[in-house]
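The values are calculated or read from the model by the stated rules, or taken from the named source; none is laboratory data. Since this is a predicted model, take the numbers as computed values, not measurements. In this analysis, Cβ positions are derived from the backbone assuming ideal geometry, glycine residues included, and neighbour counts consider all displayed protein chains.
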Amino acid sequence: MQFGLQAYLVVGAVLFVCGLVCMATKRNGIGVLMGVELVLNGANLNFVAFSRYTSLGLDAQIFSLFVIVLAAAEAAVALAIALNFYNNHLTIDVDRANKLKG
Amino acid sequence: MNEPLIDGPSILFLIFAAITCLSAVAVVVSQTVVRMAFWLVLSLGSAAALFFLADADFVGAAQLLIYVGGTLVLLVFGVMLTASGPYLKIATSPGETILGAAVALLFMFVVFSAVSGVEWPTDNLTRSVAFNPAGNTLRPLGLSLLGTRPDQDLPDSDQLSPGYLLPFEIVSVHLLVVLIGAAYLARAKRRSAI
């Protein structure tokens, strides 16, 4: 019994859905960031699986490297924003960020 | 007929896929943010193991180094700097939890049916000869980031295949700018204006 492309795609789909639900339901700002990481990781898993099982080859692995680097950059900026938000509001609850609500 | 029912890499794939999926679900379910960080470490680490199983050794190593070693440490520092108590809980109401679970199951069903409904082309044999499929991707990855793709060169042509030099430079400068900006944003405020 061998696991092919389909199995990797299923794992990537589970990661994607978990990350999306994490982003949508968590009220902690850091939790929302963790959801973003899960989504990006699911996409990375799909890239690597396509690199292994289709003729996409090395390009997919290079793209997943770029995704990893950009995710690190995104985490740094988002954490800086979260720290600023905490300094101003003394909480990390994203539901309290309603200053711009019309 | 002495072939075993399931071979070693498949067993490893099953184990690591189960750890990845269950830890991702645990990230969603757990309430305190410290436990979420722990489950995220487990999920990302076993995803790196899945990368190794899919012959992407450099990407798996980069995942372990950057994600598990760097980004998660950053997230844990964020947790430490923003928690007002040892176990900060910001709970959602039960109605929101039920609604979220229902939407999640529905969306997972949609994605699964989409994934299983497509006949994916798996032309593993048309891959070029110079690209060694059994791991060992460090050399072609480094060459392609330097701008040449010897695994994509046509045999009877003088032209070199273009690589990823320009995106590599852009991403490097982007990372530098982003880190300087993050340090500027997160700096300690002066108490009194000059």
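Residues that are more than 7 Å from chain B (Cβ to nearest Cβ) and either in contact with an Asp or Glu (Cβ under 8 Å, 6 or more places away or on another chain) or farther than 18 Å from residue B:47 by Cα (or both) within the stretch A:6-29 comprise A:19, A:23, A:26, A:29, listed in sequence order.
Against the list (1) more than 7 Å from chain B (Cβ to nearest Cβ); (2) in contact with a Pro (Cβ under 9 Å, 6 or more places away or on another chain), the condition residue A:3 fails is (1).
Selection of the stretch A:3-38 for residues being in a helix (DSSP H, G or I) and polar (S, T, N, Q) yields A:6, A:25.
Would you be able to say whether some residue in the stretch B:1-9 is buried (at least 20 other Cβ atoms within 10 Å of the Cβ), assigned to a helix (DSSP H, G or I) and touching a helix residue (DSSP H, G or I) at 6+ places or on another chain (Cβ under 9 Å)? Can you show your working first?
Initially, the stretch B:1-9 is screened for residues buried (at least 20 other Cβ atoms within 10 Å of the Cβ), giving none.
Within the stretch B:1-9, not a single residue is buried (at least 20 other Cβ atoms within 10 Å of the Cβ), assigned to a helix (DSSP H, G or I) and touching a helix residue (DSSP H, G or I) at 6+ places or on another chain (Cβ under 9 Å).
Within the stretch B:9-42, the set of residues being touching a residue at least 24 places away in the same chain (Cβ under 8 Å) and either within 16 Å of residue A:39 (Cβ to Cβ) or of a type outside the set (Val, Ile, Thr) (or both) comprises B:9, B:12, B:13, B:16, B:17, B:20, B:28, B:31, B:37, B:40. Of the set (1) within 7 Å of chain B (Cβ to nearest Cβ); (2) part of a loop (DSSP other than H, G, I, E, B); (3) of a type outside the set (Lys, Arg), all apply to residue A:77 but (2). Within the span defined as the stretch A:41-50, every residue fails to be facing chain B (nearest Cβ under 7 Å), buried (at least 19 other Cβ atoms within 10 Å of the Cβ), farther than 14 Å from residue A:12 by Cα and modelled with pLDDT under 95. Within the stretch B:160-174, residues that are free of Cβ contacts under 8 Å to residues at least 12 places away in the same chain have Cβ atoms under 6 Å from residues that are of a type in the set (Ser, Thr, Tyr) in no pair, counting only partners at least 6 apart in sequence or on another chain.
Kindly indicate the residue of the stretch B:121-147 that is at the interface with chain A (Cβ under 7 Å from one of its Cβ atoms) and loosely packed, with under 14 Cβ neighbours inside 10 Å and also modelled with the lowest pLDDT among those meeting that condition. Out of the qualifying residues, it is B:126. Only one of the listed residues (B:90, B:98, B:6, B:66) is free of Cβ contacts under 8 Å to residues at least 24 places away in the same chain and within 27 Å of residue A:65 (Cα to Cα). That residue is B:66. Taken over the stretch B:45-63, the criterion of being surrounded by 24 or more Cβ atoms within 10 Å (Cβ to Cβ) and touching a residue at least 24 places away in the same chain (Cβ under 8 Å) is satisfied by B:47, B:50, B:56, B:59.
Here is a yes/no grid of residues against (1) within 7 Å of chain B (Cβ to nearest Cβ); (2) buried (at least 23 other Cβ atoms within 10 Å of the Cβ):
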position	(1), (2)
A:31	yes, yes
A:38	yes, yes
A:61	yes, yes
A:84	yes, no
A:90	no, no
